[in-house]
């Protein structure tokens, strides 16, 4: 130590086989390589050097190490303590301490910003971790997965603002946690679950709102004590400290304590000192309970309101002198849970009343975080309140939170906080859900399919929440394909199948997409075609099957006729509908007439056959005439082509 050594020579160290301690502090060492030290059971001391590059080492306080790579300490199994304070460390790579075990790590006074499982990988037997005076603002989920033997952790004097439910998961052996002098304003209800042996220091944070509005966050910490000094707590609810046997609330200007808030306490620790109590009728229970529990020597509490009791110890106030006004705001209108369409505006309303004219402040929180840039409108008006002593005027305050063009990020729980000099009141938490109406990405199309084949109808939609798809036929859900189990729905492919089509499957099929925002539907008509028409004594074809003639039409001939044309490139279909009109001049059961294409006729038998003859003659004439015209056109076209060819030759 205290020389001018600039480098470490492994050759010089290798002969000392029994060397255990090597003090190289206060030298000029700049670079430490992975092979700088031989395989000896060394405990190194390298304080106050000029180390800027580190591949391996152990006690490195007051150097210039900014980053530690993975496997840097691989091989130093005998190391019991690693001290790297005051280096300006800002980054620890994954596996930075892999290979170290049975040890203590001290990384205080650096620039680390988060705790993550990556750089803690390999510290399976780590028992003490000191991270005070860094810039840590986040403990990542599952951060402690690889060091669950940890018994002591110091995270004091950092930038933590929230303790989530996952912040200390897995640390069942943790019995000492220092987390004071941070910015903690929110503690999740399950943040300390499973830490039954924990002793914790939470002093000098910002957890007043958290304590006043929580539901027993310390209920699992049976041995917790002496931890809430100097947190600006003004109100204590009956669930705030449930589960605790002892408590120190000194240096908090407590104004109100709900009935039975300390009923489970076996010891109030050193003191409950406050000179800010609201000595109203809700506080009558406290001096009686303190006297019964013999805690009076630990309590120094005096009144600040009403004026006639100001400065008096609560133990000198008679039960009759506790007045029943309410200078602290009381919530009268709670914000309501809402659902809204994306892009619309949402308004939350919250009201509170107070018997005091003390100036009122308003705040809104979303998921326990204060909305600093929210659009808030406040107003006040007088309200008459009936009481035992007659009607009195109280001031009612209303605060309105306006959310414009809400997005999915707007979803959450919203809560108003209304405060004055005498304390704060917290509303219920109203949930906002943002929805998007369903819209179709696939819609069913009209189908005409032969009997016995398979019909395939597609339908898909998007929305928020994801819409549910349902099918109906002709407005109902009980249809033949469903009863006969010929219907198959493929939700992953957004396809609806009906196999072995039958005539009774004909109808209008509706696809409905529904979520909490609303419902949309789309229709498709399914037509099932019989077996192809064949020639009978009343049905025959002409013009290469392009003309269908029905002779002596009957009611059974009415319906939809489909013409199908195909070639190698595809198939097209055309539909016509034939209506048969009964002839009142004919006997029942005999319609007579002839149908051609879309034409249906009626008449006597003679008239019918006359019409048939005329139609046949007309058809033949048309076919012959058309053929002659085409022959003439083709002849002249070829003649002209031949003339041009001869001329050119």
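Points worth noting:
- Qualifying residue in segment 593-614 (condition: modelled with pLDDT under 80, out of contact with any strand residue (DSSP E or B) (no Cβ under 8 Å at 6 or more places or on another chain), surrounded by 10 or more Cβ atoms within 10 Å (Cβ to Cβ) and under 27 Å from residue 506 (Cα atoms)): yes
- Hits in segment 59-93 - residues which are modelled with pLDDT of 85 or more, outside any loop (DSSP other than H, G, I, E, B) and over 19 Å from residue 124 (Cβ atoms): 91
- Condition met for residue 44 (surrounded by 19 or more Cβ atoms within 10 Å (Cβ to Cβ), part of a strand (DSSP E or B) and modelled with pLDDT under 65): yes
- Taking strands (runs of 3 or more DSSP E) as the structural unit, those lying wholly within segment 491-549 and holding at least 2 residues that are surrounded by fewer than 18 Cβ atoms within 10 Å (Cβ to Cβ) and within 41 Å of the chain's Cα centre (by Cα) correspond to 495-498, 507-515, 518-529.
- Only one entry of 260, 345, 252, 273 meets the criterion of being out of contact with any strand residue (DSSP E or B) (no Cβ under 9 Å at 6 or more places or on another chain) and either more than 30 Å from residue 515 (Cα to Cα) or in the same structural domain as residue 395 (by TED's automatic domain parsing) (or both), and that entry is 260.
- Yes/no for residue 336 being surrounded by fewer than 17 Cβ atoms within 10 Å (Cβ to Cβ) and in a strand (DSSP E or B): no
- If you go through segment 503-546 and keep only what is in contact with a helix residue (DSSP H, G or I) (Cβ under 7 Å, 6 or more places away or on another chain) and touching a residue at least 40 places away in the same chain (Cβ under 8 Å), you end up with 505, 526, 528, 542, 543.
- Residue match in segment 458-480 (condition: assigned by TED's automatic domain parsing to the domain that holds residue 510, within 24 Å of residue 564 (Cα to Cα) and in contact with a strand residue (DSSP E or B) (Cβ under 7 Å, 6 or more places away or on another chain)): yes
- For segment 192-212, a residue qualifies if it is crowded, with 21+ Cβ neighbours inside 10 Å and within 13 Å of residue 368 (Cβ to Cβ), and the qualifying residues are 207, 209, 210, 211.
- Residue 491 over 25 Å from residue 444 (Cβ atoms) and modelled with pLDDT under 80: no
- Set 431, 383: member being touching a strand residue (DSSP E or B) at 6+ places or on another chain (Cβ under 7 Å), surrounded by fewer than 17 Cβ atoms within 10 Å (Cβ to Cβ), modelled with pLDDT under 90 and in a strand (DSSP E or B): 383
- Those residues of segment 314-333 which are crowded, with 16+ Cβ neighbours inside 10 Å and without any contact (Cβ under 8 Å) to a residue 24 or more places away in the chain, in sequence order: none
The values are calculated or read from the model by the stated rules, or taken from the named source; none is laboratory data. In this text the structure is predicted, and so the values were computed from the model without any measurement. Neighbour counts are summed over all protein chains in view; Cβ atoms, including those assigned to glycine, are modelled from backbone coordinates with ideal geometry.
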